[in-house]
Amino acid sequence: MLHDMANGKRFLNLFAYTGTATVYAALGGAESTTTVDMSNTYLDWAKRNCQLNFGSISPWKHEFIQANVLDWLRDNTKRQYDLIFLDPPTFSRSKRMQGTLDIQRDHAKLLQDVAKLLAPGGVVVFSNNLRKFKLDREALAGFEVNDITAKTIPEDFKGNPKIHQCFLITRRG
């Protein structure tokens, strides 16, 4: 799906882990990619995955940033992206961050912060693995939200559709 959506787009991958989403977007023709994760280990892994899948990494086209995503969002409000992939951990408590991230508690604020980076017509693909997750649609009233979970469940997991949830989120109007 990201592959098909990425052509010509400025792509942002938040909580990037091994950079798989970045690889799909780049192979789909993304104009540029930005990959953000708190872990240098995972960012190195993401860089290796990119190199293995499409050769050398052009620094002007593919940017890898080691940062706490929540801080990075706060500090980079001038950036604009056409396609943003957001797949946060269900829960995180790291020495490098103040407090905790609880996706059920914090998703509405996180999505509002992410949406500030959306270019006109941009899309956020929001995925999470919390089995009992409930999207706060009221807090996201200014956004168009489409549940695409059924389209994103791998064939091997069709019998257990609660393994994750996935939404396409755009600004209304």
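The values are calculated or read from the model by the stated rules, or taken from the named source; none is laboratory data. On a predicted model such as this, the values are computed, not experimentally measured, just so you know. When we count neighbours, we look across all protein chains shown, and the Cβ atoms used for this are built from the backbone with ideal geometry, even at glycine.
In the stretch 162-171 there is at least one residue that is at pLDDT below 95 and assigned to a loop (DSSP other than H, G, I, E, B). Residue check: Thr35 meets all listed conditions (1) out of contact with any strand residue (DSSP E or B) (no Cβ under 7 Å at 6 or more places or on another chain); (2) at pLDDT 95 or above; (3) among the β-branched types (Val, Ile, Thr) but one, namely (1).
Taking the stretch 39-138 and the strands (runs of 3 or more DSSP E) fully enclosed by it, the elements with 1 or more residues that are exposed (fewer than 12 other Cβ atoms within 10 Å of the Cβ), out of contact with any Cys (no Cβ under 6 Å at 6 or more places or on another chain) and modelled with pLDDT under 95 are at 118-128.
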